[in-house]
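Chemist: Questions regarding the structure given below will be posed in turn.
Every number in this text was worked out from the coordinates using simple rules, so none of it is lab data. Please read these numbers as outputs of a predicted model, since none were measured by experiment. Here the Cβ positions follow ideal geometry from the backbone for every residue, glycine too, while neighbour counts run over all protein chains shown.
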2 protein chains.
Amino acid sequence: MTNPPFKFQIEARQDRARAGKFFTPHGDLETPVFAPVGTQATVKSLTPDQLAEIGSSLILANTYHLHLRPGDELIKEMGGLHKFMHWSAPILTDSGGFQVFSLAKNRRIDQDGVTFRSHIDGSKQRLDPEKSISIQENLGADIIMAFDECSDPYDKEYVREAMLRTHSWAERCQQAKTRSDQALFGIVQGGISEDLRQESAGYIANLDFPGNAIGGLSVGETKSEMHTILDLVDRVLPEDKPRYLMGVGTPEDLVNGVSRGVDIFDCVLPTRLARHNAAMTRFGARLNIVNAQYARDEQPLDQQCTCYTCQNFSRAYIRHLIISKEMLAATLLSIHNLHTLIDLTHDMRQSILAGQFEDFANHFHQVRAEIEFSKASN
Amino acid sequence: MTNPPFKFQIEARQDRARAGKFFTPHGDLETPVFAPVGTQATVKSLTPDQLAEIGSSLILANTYHLHLRPGDELIKEMGGLHKFMHWSAPILTDSGGFQVFSLAKNRRIDQDGVTFRSHIDGSKQRLDPEKSISIQENLGADIIMAFDECSDPYDKEYVREAMLRTHSWAERCQQAKTRSDQALFGIVQGGISEDLRQESAGYIANLDFPGNAIGGLSVGETKSEMHTILDLVDRVLPEDKPRYLMGVGTPEDLVNGVSRGVDIFDCVLPTRLARHNAAMTRFGARLNIVNAQYARDEQPLDQQCTCYTCQNFSRAYIRHLIISKEMLAATLLSIHNLHTLIDLTHDMRQSILAGQFEDFANHFHQVRAEIEFSKASN
């Protein structure tokens, strides 16, 4: 069932890390890639031009939010999501599942789908595999996701039930799909249970999607549990399809993900931290720029960084903007934080192409360890 | 006392309208010019790059706000306002007077200056001519303003007292000034009283500032009163110095100002309207984009407009951003509103240079009248 336009070409490998190209109707996506999140058809505080200048090549938008507001049919009428938000490069939409299951008490799951109440107006809503695909077809992203159920990773009985529903829903999504210009990705679930992950990865691999996602991680498990699952799934999923690790976005997680065969990442972390006054750095340190120590600090957020913010503004200025409650603070911090992750994935790609990824990853972990050590000794 | 570097060269005149160039240490300012307001060292929601792309050549920053936060001494330490906010073109700072006098019950005026309480922390503060100049020298703008008192235009006795203080303070500002790379402008006061305005314009003209401002307008008087005062002041102020009409910023006021010999304008209106969801148009109409009628409107805010917002986004999208409380709404509307005024002043300049300003102004007033008529007949 793989859709021919969505070929994935692996340009170079080093151990399990890969540099590739995924061909989409809105351009070739170079991997590894980090996708900024534009929940409501906007990456908060940034124009599409600013996003492009940062180096973004893929963005994610949320099916749940856009279905409720402004409505996927309105977006279809306006020419689809690319035109609506003026983003001409690839877009990925999630299935809405993660948001709906996050509603906790305001949703009821059955074998067929989920009934829930809107967080906006409390109205009763229904989402199931067919509806999720229909919404995503109206939105018109290049990569769309199968409707899945993400469960608490430590409740194995529930993890199993959710996984089985996810498998049956994955097939229903394949059948419901009508557009040939969208790549539907399947999602592996199974929590932190190795046997369930093994089963799920095998089941999803067998459905022959043009790409596969690893869901249900970065939801409370330990780093070591995450790595075990990534190692396991990497051995089962087909190598010639892109792998997307959902909702993951610290520098450390990106390097560990790429080391374990992951190609695509997304996360709200960089823009959310920006709105909470925190600057990310290449090796995972975070600066709370509102601290008094930065009041007269002429340095950029990160001296190594080549982003617009770091090339032109001091910590003192950004701190002033935050304290004065100026919107530009979130914009400048978002530019920097997103650039940090996008630049990191770009450098990983280059190092894989140059056959130097092992050195790159070793160096990364070494500097990180030194930073952790120096924090602990202070 | 005119400072030689701050020459004003008039390139063309038509009737009383002028196209000129004012030479500053940060570049030649082409007039007529509209200055966006960056109260706290940022034009709200925009990066300096976006401001430059809109065509901004001069921006205004507020002495009162920056003195209180982050402090003018801190800004001086950080290399001055241009470097601090990353704006390499000309900057104008006001004197702080207007803000202090707006504090109403929280300030006490004497012949020497004003004692007031900070709107941020209630602390007791003092501003007088010498202090205002000292702050403005720390900030380091290209154009700085004499400390003046703006009064209720209908209380003639108070207007007279405030005008006399403004005159004495103007001289004290000239004496206090130490930097030769800043142009100090005098300010004409006198409310809506023709004899007081005559007296004030004569007094200020006589002090031979490199530029002169007209204060105390657009504060509640009628349009006809404003025009009478502008006509009168135009006849008294020296022709070979730039004239700055403070705090004025509707399209209609800009055209009427240029027709009466004004060269420089500033106003918070375009960015304030943007944050209240209103789009300005060339001829003064305003669209409240949150209205339901725009929900599926694929048109740009203004079909004639060439700004980034109008080239790339629909009313439907901007309405969605507003309803979803997304910051990008204010950014896109600010870009459009500022571009509308800057483009208008640019077109006025071109029409003066081409000897066609009379036609330009007539056409402008005719279209405006048609819009008003069509609104009234609806």
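Chemist: Taking only Cα atoms of region A:275-377, what ratio of Rg to Rh do you get with Rh as the Kirkwood inverse-distance radius?
Modeler: Values: Rg = 15.0 Å, Rh = 14.6 Å.
Taking Rh as the inverse mean 1/r over Cα pairs, Rg/Rh reads 1.03.
Chemist: Another one. Given B:H339, B:Q366, B:A278, which one lies farthest toward the positive end of the charge dipole of region B:274-373, if we put +1 on the Cβ of every Lys and Arg and -1 on the Cβ of every Asp and Glu?
Modeler: B:A278
Chemist: Here's another thing I want to ask about it. How large is the Kirkwood hydrodynamic radius of region B:83-138, in angstrom, based on all distinct alpha carbon pairs? Walk me through the numbers on the way to the answer.
Modeler: Numbers: mean 1/r = 0.0792 Å⁻¹.
After inverting the mean inverse Cα-Cα distance, the result is 12.6 Å.
Chemist: Also: Tell me, which cysteines of chain A are without a disulfide-compatible partner by the Cβ under 4.7 Å rule?
Modeler: Result for chain A is A:C150, A:C173, A:C267, A:C307, no neighbouring Cys Cβ within the cutoff.
Chemist: Using a 10 Å cut-off around each Cβ of peptide B:33-43, what is the average number of partner chain Cβ atoms that fall inside? Walk me through the intermediate numbers first.
Modeler: Working: counts 0, 0, 0, 0, 0, 2, 2, 7, 6, 10, 2.
If you average over the peptide's residues, the count of other-chain Cβ atoms is 3.
Chemist: Now for a different question. Helix B:223-236: angle to the longest alpha-carbon principal axis of chain B, degrees 0 to 90, nearest 10?
Modeler: Between helix and principal axis, roughly 50 degrees.
Chemist: What are the ³J(HN,Hα) couplings of region A:188-204, residue after residue, when phi is run through the Karplus curve with 6.51, -1.76, 1.60 and θ = phi - 60°? Round to Hz, x for glycine and proline.
Modeler: Residue by residue, region A:188-204 yields 7, 10, x, x, 9, 7, 5, 5, 5, 4, 4, 4, 5, 4, x, 5, 5 Hz.
Chemist: A further question follows. Say a label goes 7 Å from Cα toward Cβ at A:E157 in every copy; what distances in nm does this one have to the rest, shortest first?
Modeler: Nearest first, the other copies' label points are 8.8 nm away.
Chemist: With a Cα-only, solvent-free Debye model of chain A, what are the log10 I(q)/I(0) values at q = 0.09, 0.14, 0.15 Å⁻¹?
Modeler: -0.51, -1.25, -1.40
Chemist: Between B:I109 and A:N362, what is the FRET efficiency for a Förster distance of 56 Å, r being their Cβ-Cβ separation, to the nearest 0.05? Mind showing how you got there, number by number?
Modeler: Values: r = 69 Å, r/R0 = 1.23.
For B:I109 and A:N362, the calculated efficiency is 0.20.
Chemist: How crowded by other chains is B:83-96, given as the mean number of beta carbons from other chains within 10 Å of each beta carbon? Display every interim value, and only then the final one.
Modeler: Working: counts 5, 6, 6, 8, 0, 0, 0, 0, 0, 0, 0, 0, 0, 0.
Taking the mean over all residues of the peptide, I get 2.
Chemist: I need the peptides B:128-141, B:310-323 ranked by packing, meaning the mean over residues of other C-beta atoms within 10 angstrom, with the highest value on top. The partial results should precede the final answer.
Modeler: Details: B:128-141: 23.1, B:310-323: 21.4.
So the order, starting with the most tightly packed, is B:128-141, B:310-323.
Chemist: Ok, one more. If you wrap a convex hull around the C-alpha atoms of region A:214-301 and split its volume per residue, what is the figure in Å³? Mind showing how you got there, number by number?
Modeler: Values: hull volume 9.6 nm³, N = 88.
Per residue, the Cα convex hull of region A:214-301 comes to 109 Å³.
Chemist: Take the alpha carbon gyration tensor of the protein assembly as shown, find the square roots of its eigenvalues, order them as a ≥ b ≥ c, and report rounded if a/c is under 1.5; if not, report prolate when a/b exceeds b/c, else oblate.
Modeler: Numbers: a/c = 2.63, a/b = 1.98, b/c = 1.33.
Verdict is prolate for the protein assembly as shown.
Chemist: What chymotrypsin sites (Phe, Trp or Tyr not before Pro) does region B:136-175 have in DSSP loop regions with at most 15 other beta carbons within 10 Å? Provide the component values of the computation, followed by the final result.
Modeler: Numbers: sites: B:F147, B:Y154, B:Y158, B:W169; in loops: B:F147, B:Y154.
Within region B:136-175, the qualifying chymotrypsin sites (Phe, Trp or Tyr not before Pro) (loop, at most 15 other Cβ atoms within 10 Å) are B:Y154.
Chemist: B:E252 to B:E370: extension gain in nm, 0.36 nm per residue of separation minus the Cα-Cα distance? Present the calculation step by step, with values, prior to reporting the outcome.
Modeler: Working: separation 118, 0.36 × 118 = 42.48 nm, distance 1.36 nm.
Contour length minus Cα-Cα distance gives 41.1 nm.
Chemist: Could you identify the residue of A sitting closest to the A-B rotation axis by Cβ and state that distance rounded to whole angstrom?
Modeler: A:M327, 3
Chemist: How many Lys pairs in chain B lie less than 14 angstrom apart by Cα atoms, where the lysines are 8 or more positions apart or on different chains?
Modeler: On the way: B:K7/B:K21; B:K7/B:K241; B:K21/B:K241; B:K105/B:K124; B:K131/B:K177.
Lysine pairs meeting the criterion: 5.
Chemist: Sketch the reach of a paramagnetic label on B:E53 as a point 7 Å from Cα along Cα-to-Cβ, and name the residues of region A:300-332 whose backbone nitrogen lies under 20 Å away.
Modeler: Answer for region A:300-332: A:306-313, A:327-332.
Chemist: Angle, helix A:129-139 long axis vs. longest principal axis of chain A, Cα atoms, 0 to 90°, nearest 10?
Modeler: Approximately 50 degrees, to the nearest 10.
Chemist: Could you tell me what % of all Cα pairs in region B:216-360 have separations over 17 Å? Don't jump to the answer; show the numbers that get you there.
Modeler: Values: 6573 of 10440 pairs.
It works out to 63 percent of all Cα pairs.
Chemist: Net charge within 9 Å of B:L58 by Cβ-Cβ distance, Lys/Arg positive one each and Asp/Glu negative one each, not counting B:L58 itself?
Modeler: Net charge in that neighbourhood comes out at -2.
Chemist: What's the average, rounded to a whole number, of partner chain beta-carbon atoms within 10 Å of each residue's beta-carbon in B:328-334? It would help to have the intermediate numbers written out before the result.
Modeler: Numbers: counts 14, 1, 2, 8, 3, 0, 1.
Per residue, the average neighbour count from other chains is 4.
Chemist: With +1 on each Lys and Arg Cβ and -1 on each Asp and Glu Cβ, how big is the dipole of chain A about its Cα centre, in debye rounded to the nearest 20? Before the final figure, lay out the partial values.
Modeler: On the way: 39 positive and 49 negative charges, 194 e Å.
It comes to approximately 940 debye.
Chemist: Right, here's the next one. Region A:21-160: Rg/Rh from Cα coordinates, Kirkwood Rh? Could the numbers behind the result be given before it?
Modeler: Numbers: Rg = 15.8 Å, Rh = 15.9 Å.
With Rg and the Kirkwood Rh in hand, the quotient comes to 0.99.
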